[in-house]
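Read the figures in this text as sums done on the coordinates, not as results from a lab. Only a predicted model underlies this, so the values are computations on that prediction, with no experimental measurement involved. Cβ placement follows ideal geometry from the backbone for every residue including glycine, while neighbour counts extend to all protein chains displayed.
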Amino acid sequence: MRPREPPPSRYRMPDPRTAPPNGPLAAGGDLSPGTVLAAYRAGIFPWPDGAGRLLWWSPDPRAILPLEGFHESRSLRRTRRRGAFTTTVDRACGEVMSGCADRAEGTWITPAMRAAYLELATLGWVHSVEVWRGGELAGGLYGLAIGGFFAAESMFHRETDASKVALTALVERLLPHGFTLLDVQFLTPHLESLGTVPLSRDDYLSRLRAAIVMPASF
């Protein structure tokens, strides 16, 4: 469905270029749909700290996964060929968010964040990829799409390779549907092994401006 535009945010977004490379840009505000969308369109995203305080970030460098540069390992290809997993889209967004939040080390996906992204899902901006095995949710991911831009927020697995299967399914969906930018926010060794690369903030903002006006459809 075509996303529905919510009422605009009552906040003015700060200039992301003023953010420290590895620290928050701002604190406070709200998680209304209009605010969250305005932030992503400006190159900013919400990420609460350990105390639940709402912080806004625009790191430099920014991690992106080039859609043409996704690295699918031989073992992952074998896993997918065996057909042990099935994938769906937008079938169980709330369950995927709960799976992503269920971490022994704690999570930044607070109840307020979960509620905000579920509201955005209802409006057509947030999407999930589910990975199933035997009728049970084995893993998945969720993120936010604006035009040809997709911000992958979080992924999880309950079975080996399930989150990688979800990411592969996401890339395969984005490529033919007009998407040009897959944002994963921060570079980690795991994401780097899948083809993620760092991008300077200026380059990222330039690509973002071009992506969000693309006539793509998830």
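Output wanted: per-residue J couplings in Hz (rounded whole) for the stretch 151-159, from phi through Karplus 6.51 cos²θ - 1.76 cosθ + 1.60, θ = phi - 60°, x for Gly and Pro.
Those phi angles translate into 9, 6, 8, 6, 9, 8, 9, 10, 10 Hz.
Among 155-166, 1-12, 190-201, how do they line up by average Cβ neighbours within 10 Å per residue, starting with the highest?
On the way: 155-166: 20.8, 1-12: 11.8, 190-201: 16.1.
Ranking the peptides 155-166, 1-12, 190-201 by packing returns 155-166, 190-201, 1-12.
Place the peptides 108-119, 173-184 in order of packing, highest mean first, counting for every residue the other Cβ atoms within 10 Å and averaging per peptide.
Values: 108-119: 17.1, 173-184: 18.7.
Taking the mean over residues of other Cβ atoms within 10 Å, the ranking is 173-184, 108-119.
How far, in nm, would the chain grow between R173 and R133 when pulled straight, counting 0.36 nm per residue and subtracting the alpha carbon separation? Write out the running numbers ahead of the final one.
Values: separation 40, 0.36 × 40 = 14.40 nm, distance 2.02 nm.
Gain in length upon complete extension: 12.4 nm.
Over all pairs of distinct alpha carbons, what does the Kirkwood formula give as the hydrodynamic radius of the stretch 62-211, in Å?
Hydrodynamic radius (Kirkwood, Cα pairs) of the stretch 62-211 is 15.7 Å.
Quick query: amide H of L181 versus all other amide H atoms, modeled in the peptide plane; which residues come in under 5 Å with a sequence gap of 5 or more or a different chain?
F150
Test of understanding: in a Gaussian network model of the chain with alpha carbons linked when under 10 Å, which of E130, E95, E105 would top the mean-square fluctuation ranking?
Looking only at E130, E95, E105, the largest GNM fluctuation is found for E105.
Would you kindly derive the ³J(HN,Hα) couplings of the stretch 131-140 from the backbone phi angles with the Karplus curve 6.51 cos²θ - 1.76 cosθ + 1.60 (θ = phi - 60°), listing them in order in whole Hz, with x for Gly and Pro?
My calculation for the stretch 131-140 gives 10, 10, 9, x, x, 10, 6, 9, x, x Hz in order.
With a point put 7 Å past each Cα toward its Cβ, work out how far R74 is from L118 in nm, to one decimal.
4.4 nm
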